[in-house]
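A quick write-up on the structure given underneath.
Just so it is clear, none of the values below were taken in a lab; they were calculated from the coordinates. From a predicted model like this one, the values you see are computed outputs, not experimental measurements. Ideal geometry is used to build each Cβ from the backbone, glycine not excepted, and the neighbour counts take in all protein chains shown.
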Amino acid sequence: MSTFLAIAGVSTTLRNLLLDRMEAPVVVTIAPPDVSISGVTGRRANLYLYQINENAYLKNNAIPFTSGDIASAPLALELSYLITTFGSADNSADGDLEAQQILGDVMRVLHDIPIISDSLHEKNDPARPLIIDPSLVGQVERIKVTNRPATLDDIAKIWTESNFRRAVTYQVSAVQIDSKRARKSALPVREPRVYVFPLRSPFIDAVARVPPFDNTGVATAELGDTVEIDGRNFAGAGVSVRIDATEVPLVTQTDTRITVVLPATLAAGVRVVQVRRDVRVETTPGTFESRRGFESNVVAVTVLPRIVSLLPNGAGPGVVVTATIAPAVLAQQRKTLLLGDFEVQAVPAATPGSSTTIQFQLPAAPDNIPAGTYLARIRIDGTESRLAFDATTGQFTSPTYDVT
């Protein structure tokens, strides 16, 4: 595998390849393209690493060892090189022709050998040294060299105007640097076990309150109400019902229907219902444990707030009315008292946390609510308390509140 020396090792590898395979070898330097190289004059090719990017495809690609352990994912990089060539003299009439010839020689080498492997030797002689730098030997990913088209504007951003020369860009990928993060090795498997279970995943078709049923098409219920869950694959041991994170005891259970009672710990608002089926596995001979198994889809149920009392029994403009409700509400929940068509917002809670009492101040003149008896509802985060209904008269009857 590769160490932090891998980046410099790629540059060295490219230089080794060019020196070995060019038809008319020249000096190959590794330096910024616009500087004079001490002791080097005349014909040469220059390699300049101008950009380094992380390879997104290999970012989380951990590498397995022969022992079966998995190492932390290495740092995978893509290197972008600017290759520039220089003739023997810049001030002659054909000074740039030599540079173009050298550039053609360089590009031909990189075209013929786009993949630099551990088996590539100088002069194709196994007895001679490897072309690849020692820091890259054993890397899982091979070193691949690809011509990268670049616009004139891209190259001009690298050069200053006075030193601009012909150049070509190449991308080298992927270079991997080993991570030094500690890794954990799993204990050996003492006894392999395979468990096979019939596929009986529960599925919920509908959730409704019983009795009576609402005709809204949405499951709505108060705390203490019985809720019916219709679906399939509900029979058998290990079946449980969860509403949000609360496991609810089953009242009745068949393969197609389960009934539960909404517990007092639920908060008002939209909650999700899910049926789970645990499986029993033999952990040691003769010893069985329940493990998490199949889960159904989730279906929403709306838990309604309920008015316990409104005190005082009647009040006029500017008076504070205290509502006792169930379940308790949090300070950050939006709370509204509805008297007929009039809305009264709650007085901000003095302390955080949950409470079963809410204070509402009736508006004063000129916005006061006209005197009269009004149907009263509590709205918590969009869910409203239920009104009693008289099937004979077809009217809502209670609860009511008197505004004086």
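Listing Ser355, Ser92 from the residue with the fewest other Cβ atoms within 10 Å to the one with the most, what is the order?
In increasing order of surrounding Cβ atoms, one gets Ser92, Ser355.
Antiparallel as a % of all DSSP beta bridges within segment 203-303, to the nearest 5?
Working: 35 of 37 bridges.
So the antiparallel bridges amount to about 95 percent of the total.
Using only helices, what value at 222 nm comes out for the chain when you add -39,500 (n - 2.57) per DSSP H run of length 4 or more and divide by the total residues, to the nearest 500 deg cm²/dmol? The helix contribution divided over the chain gives -3000 deg cm²/dmol. Peptides 367-375, 165-173 ranked from most to least packed, by the mean per-residue count of other Cβ atoms within 10 Å: 165-173, 367-375.
In order along segment 199-211, phi translates into HN-Hα couplings of 7, 10, 6, x, 9, 9, 8, 7, 10, 8, 8, 9, x Hz, rounded to whole numbers, per the Karplus curve 6.51 cos²θ - 1.76 cosθ + 1.60 with θ = phi - 60° and x for Gly and Pro. From the square roots a ≥ b ≥ c of the eigenvalues of the alpha-carbon gyration tensor of segment 203-303, which class results: rounded (a/c under 1.5), prolate (a/b over b/c), or oblate? Prolate, because a/c is 1.5 or more and a/b exceeds b/c.
Over the chain, Cα pairs under 8 Å with separation of 6+ residues give a relative contact order of 11 percent.
Go ahead and run the numbers for FRET between Val40 and Leu97, Cβ-Cβ distance against an R0 of 22 Å, rounding to 0.05.
It comes to 0.65.
Charge tally for Val308 (other residues, Cβ to Cβ under 15 Å; Lys, Arg +1; Asp, Glu -1): +3.
A simple count of charges around Leu136, restricted to other residues whose Cβ falls under 14 Å of its Cβ and scoring Lys, Arg +1 and Asp, Glu -1, yields -1.
List the relative contact order of segment 222-347 as a percent without decimals, with contacts defined as Cα pairs under 8 Å and 6+ residues apart.
With pairs under 8 Å counted, the relative contact order is 21 percent.
Values (i) 308; (ii) 268; (iii) 215 are given for comparison; volume of the Cα convex hull per residue in Å³, derived from the coordinates here, is the one labelled (i). Against the chain, whose longest principal axis comes from its Cα atoms, helix 95-112 is set at around 60 degrees.
Secondary structure note: in the chain, about 90% of the DSSP beta bridges are antiparallel. Packing around the peptides 126-139, 292-305, taken as the average count of other Cβ atoms within 10 Å per residue, puts them in this order, highest first: 292-305, 126-139.
Oblate is the label for segment 306-403, because a/c, from the alpha-carbon gyration tensor with a ≥ b ≥ c as root eigenvalues, is 1.5 or above and a/b does not exceed b/c. In the chain, the longest principal axis of the Cα atoms and the axis of helix 6-21 are about 30 degrees apart.
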